[in-house]
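As structure tokens, the structure follows; a few thoughts come after it.
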Amino acid sequence: MAKSPVVTGISPKEGPPGTRVTIRGEYLGINPNDLSSLKICDCECMLSAEWKSPNKIIARSGPGKGRGDIILVTKSGGVGTSTVQFRGYHETIGPLKESAVWVEEAPLNWGRQNSSVTIFQLDDPLGLSVEGDEKFPENELTELFPDGSGDLLSENFEPAWFLLEHHHGTSFDDLRVGLSYLKRKVDSQNEGQLSFLKDNVGSVMEQLDTLFTLKQNYEADFERNNETLFRVEEAINQSLKEATHLFHGVLTRREKAEATRNALAVMTRYKFLFQLPINIDRNIKNEDVDVIINDYARALNLFGKTEVSVFKKILEEVETKIMNIRINLKSKLHQMPSTLKQQKKIIRNLVALNDNGDPGWEAIIHMKQFLIDKIKASYQQYITEEQANETPNKNNRHPHNKHKRNISLSQQIEPQNIEPKKVLCIDEIATVISDYFPDLWKLGQNYFIGDLAVKPDYSHEMDFKEMILDIIVTVSDIYRTIMLPTTTTSSFSPVPIIWLPHCLKQIRSVFTVLMALDLPNEALNKISSVIFDLRLHCLNILFKQASEQIIQLKNTETWKLDYHSKQGTISQLPNDFYKIIMEAMNLAKEYVIRDERRETALVDNETAKNELQLLVHKCFWNFSQVLEQVGLNADTNCSSTTVMSLSGSSVTGLKSHNDLIWEQKLLITISNSQYTRNIMLLKFKKEFEDNGFPTIDVVVARAVELLENTESKLLETYIETKSDPLVGTIEPSMYVGSFEWDSPSLLELKDVRPYAKEIITNLIALHSEVQTIIPDLMYAVLSEIVVTISEEMSRLMNCVTHFSENGAMQARLDLMALTFTLSNYFTPNSKDFFCDATNAVPPFKTEDSEKCVLKCFEQFKTRMHLQILCFLTPLPNNIETSII
């Protein structure tokens, strides 16, 4: 057996008896013959049911009232269920009763049919299709509108219910189109004879009945007496005479009244003309130009073609006064400043007073000249004051600049209370453009589109374009002269850096005003070019100031030290350098790099990229020079005290509150350079990229080379400084006490000689100094110094002409001790020198001699164990053999 029918949706949800209901659901029968019963609100509706598919049935609702289920019974599935309800109501609709929609009536066709026939179906009042729209839940509609209905014929009709039920998926634009359709439909029904007949059908029917009755009675009377028609005609004529007699007096009085009115009108016109000069004077005092214009136009209309001499005389007097008014209005038109509204009103009045000129174009010319004069006056005032202050400023310029060297860029950028004259000039010009230029542009636009009540002369279009360009070029040239004197022939100094952001903001405000007016690109490009050059100038100034501050770092080194876990000991110099660059970069990002609307992007401009790379490279180059000068000239400024901090304590090897020696400062400077090269440059690169600057990879690579060269110079100086005194003490210490290698009185071999231990001790002191400040340089420093020591030992051993047996043993012991201790810092050169020194010593003569040397060597390693640990790492087992 098939599954029971389930009704899941109906449309509409309510209606009077006979409502066409579309029923949707599942298992609604396999064919029309499978239907046994269909009840809507407990009323059998089987006769009107139309089976469409197993999911759709169309039927007419019965006389049921209130809410009820839709129960379908099929032969295959039995009695079904319903998840929705239909609400039926009774309503009487007659031919004369108003309805929400026009009902297209059609005869009911009871009976089951397979074909889809539209019977008594209401069209959508909005003229929209609802096919494909997902049905809105009925229970939600009932909760929203408990007393409403979505049926167009219901007295409780709710438009919102209808829209949610039929058009909840329709777009707003489609609903607007539907509303227009409904309005047209209603208007069409309210117009024409058909609409009239529909609205007054009862009265029309009564009139037709009356006429029909009158016709019947007249025909009956005519059959009985044919003189009736003549009596009716006589009655009508008598009625006409009586009506004429009744209205004769009224018509006579009307003619007299019209004659009186005509006479009064003539007198009023004459009075108006004779009093017009007085009225014009009075209205001039009251500034009622509109009243004067109306009176003047009326006078010309009434008496413009008169031949009466008196009237002509009055009109001549009026024309004289009107001429004076025109002159007065033109003087007001030429007076500036004036708003666009005032200008348009004056132009309209002049046109109404029949002015022979072109007041619209005259207003444009005078407003343009006013703008040019205002701009040039501001600039001329600045020039005069600048020339007056030029001489005193020359005398105080150098001390002032010297004083500013210690001021940071951010402090220089902070706004000041007193604006320089050149900045005031820039502000005034920006105010003039913002206040008056839009009115000029709009006045010109209104003139050429004919909104000024005057016929435009299109031959002036090119003249107006030249006027606009003349103003823009004037403003651009003045801005360049004031702010970028190096690009012009001006001899005045540029705007101080503290006011550059403010000036850039003002010019950008002018550019914003011009863009809002939709000016031609030729005019906008003039100001855009100035803004680009000024931004580039600001960028140049910011990094040049930073470069100058970097140069001053050589005079501000305090040698306050910090220990960096990877780079060793550094001073505050790299961090000060980083702060200066970052400060310049942040200011450039805030005021220069950020692009406003329609501005040329600096990061995409090759000129700006190259300029930025040169500026940053200059900063890096200056810092490398500062490092070199600080390192090489440290012995000339060693008066500052040193505080070495590492979590609140000083690092071993450097005493707090004591002066550093020059060699230590040299090492710290090298450490500063390495720290900058390895860490700071990468941070700079990342910061520039993160803040939207062009890449500085090339600049960083060149900076690495600069710092490496600086480090090489400083390291070479340090090694030379340390190796010369160390090597110079070897020979005196070797021959102290009149020691001779060939002396037969040499004592039996017991230990390494003091000169070798002195070499090791001196190297330990050097090792300690390097380890404390910059451990990464240990091999570079000691390996070079070991080369000089090995070379000196080779020279000294080769200079010995003869060794005694004990002397040879002693020499081999000393060389073994030095070779073993310093082996980790050997280079090919130092190895060759030590081999050469060893070869200069005679070999062992006996095995006992060799054993004695080895024994003393072992004792040396034991006694000097701690000292050797400074230089040695675990060595291969055959190291001693290879050394021997």
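Contact annotation: no residue pair with Cβ atoms under 6 Å, 6 or more positions apart or on different chains, pairs a residue in region 336-349 that is farther than 11 Å from Asn446 by Cβ with a partner that is of a type in the set (S, T, N, Q). Scanning region 152-167 for residues that are part of a loop (DSSP other than H, G, I, E, B) and surrounded by 13 or more Cβ atoms within 10 Å (Cβ to Cβ) gives Leu152, Leu153, Ser154, Asn156, Glu158.
Considering Asn354, Asn301, which residue is open to solvent by 50 Å² or more (accessible area, probe 1.4 Å), of a type outside the set (Val, Ile, Thr) and within 28 Å of Asp439 (Cα to Cα)?
Checking each option against the conditions leaves just Asn354.
Leu141 falls short on exactly one of the conditions (1) modelled with pLDDT of 80 or more; (2) closer than 25 Å to Glu14 by Cα, and that condition is (1). Pairing each residue of region 199-222 that is part of a helix (DSSP H, G or I) with any residue that is of a type in the set (A, V, I, L, M) and open to solvent by 90 Å² or more (accessible area, probe 1.4 Å), provided the two are 6+ apart or on different chains, yields C-beta distances under 7 Å for Val201/Leu96; Gly202/Leu96.
Select from region 9-35 the residues that are in contact with a Lys or Arg (Cβ under 6 Å, 6 or more places away or on another chain) and open to solvent by 60 Å² or more (accessible area, probe 1.4 Å) and list them in ascending order. If the condition is that a residue be in contact with a Lys or Arg (Cβ under 6 Å, 6 or more places away or on another chain) and open to solvent by 60 Å² or more (accessible area, probe 1.4 Å), then Arg24, Tyr27 are the ones that fit. Filtering Ala780, Ala811 for residues that are closer than 16 Å to Val752 by Cα and either open to solvent by 50 Å² or more (accessible area, probe 1.4 Å) or assigned to a helix (DSSP H, G or I) (or both) leaves a single hit, Ala811. Scanning region 783-803 for residues that are open to solvent by less than 20 Å² (accessible area, probe 1.4 Å) and closer than 30 Å to Ser671 by Cα yields Ser783, Ile785, Val786, Ile789, Ser790. Screening the candidates Pro842, Pro828 for the property of being open to solvent by 30 Å² or more (accessible area, probe 1.4 Å) and within 24 Å of Lys722 (Cβ to Cβ) yields one hit, Pro828. What number of residues within region 417-442 satisfy the criterion of being closer than 18 Å to Val530 by Cα and without any contact (Cβ under 8 Å) to a residue 12 or more places away in the chain? Number satisfying all stated conditions: 1. Within region 547-593, the set of residues being surrounded by fewer than 23 Cβ atoms within 10 Å (Cβ to Cβ) and part of a loop (DSSP other than H, G, I, E, B) comprises Thr556, Glu557, Thr558, Trp559, Lys560, Ser565, Lys566, Gln567, Gln572. Residue check: is Asn806 open to solvent by 10 Å² or more (accessible area, probe 1.4 Å), modelled with pLDDT of 90 or more and not charged (D, E, K, R)? No. Do you know which residues across region 42-63 are farther than 16 Å from Val6 by Cα, open to solvent by 10 Å² or more (accessible area, probe 1.4 Å) and either touching a helix residue (DSSP H, G or I) at 6+ places or on another chain (Cβ under 9 Å) or assigned to a loop (DSSP other than H, G, I, E, B) (or both)? Of everything in region 42-63, those that are farther than 16 Å from Val6 by Cα, open to solvent by 10 Å² or more (accessible area, probe 1.4 Å) and either touching a helix residue (DSSP H, G or I) at 6+ places or on another chain (Cβ under 9 Å) or assigned to a loop (DSSP other than H, G, I, E, B) (or both) turn out to be Asp42, Glu50, Arg60, Gly62, Pro63. Among the residues of region 654-683, the ones that are at pLDDT 80 or above and surrounded by 14 or more Cβ atoms within 10 Å (Cβ to Cβ) come to 20 in all. Taken over region 741-776, residues that are under 16 Å from Asn806 (Cβ atoms) and of a type in the set (Lys, Arg) amount to 2. All conditions in (1) open to solvent by 60 Å² or more (accessible area, probe 1.4 Å); (2) at pLDDT 85 or above; (3) within 18 Å of Asn328 (Cβ to Cβ); (4) out of contact with any Lys or Arg (no Cβ under 9 Å at 6 or more places or on another chain) hold for Asn279, with the sole exception of (1).
Considering every residue within region 444-464, establish whether at least one is among the acidic types (Asp, Glu), assigned to a helix (DSSP H, G or I) and either over 17 Å from Leu340 (Cβ atoms) or at pLDDT 90 or above (or both). Among the residues of region 444-464, at least one is among the acidic types (Asp, Glu), assigned to a helix (DSSP H, G or I) and either over 17 Å from Leu340 (Cβ atoms) or at pLDDT 90 or above (or both), which makes the answer yes. Reported count of residues in region 304-344, each being open to solvent by 80 Å² or more (accessible area, probe 1.4 Å), of a type in the set (S, T, N, Q) and not in a helix (DSSP H, G or I), is 1.
The values are calculated or read from the model by the stated rules, or taken from the named source; none is laboratory data. Please read all numbers here as calculations on a predicted model, not as lab measurements. Please note: Cβ atoms are built from the backbone with ideal geometry, for glycine as well, and neighbour counts cover all protein chains shown. All accessible areas refer to the heavy atoms of the entire protein, side chains included, with ligands and DNA or RNA removed. Shrake-Rupley method; radii C 1.70, N 1.55, O 1.52, S 1.80 Å.
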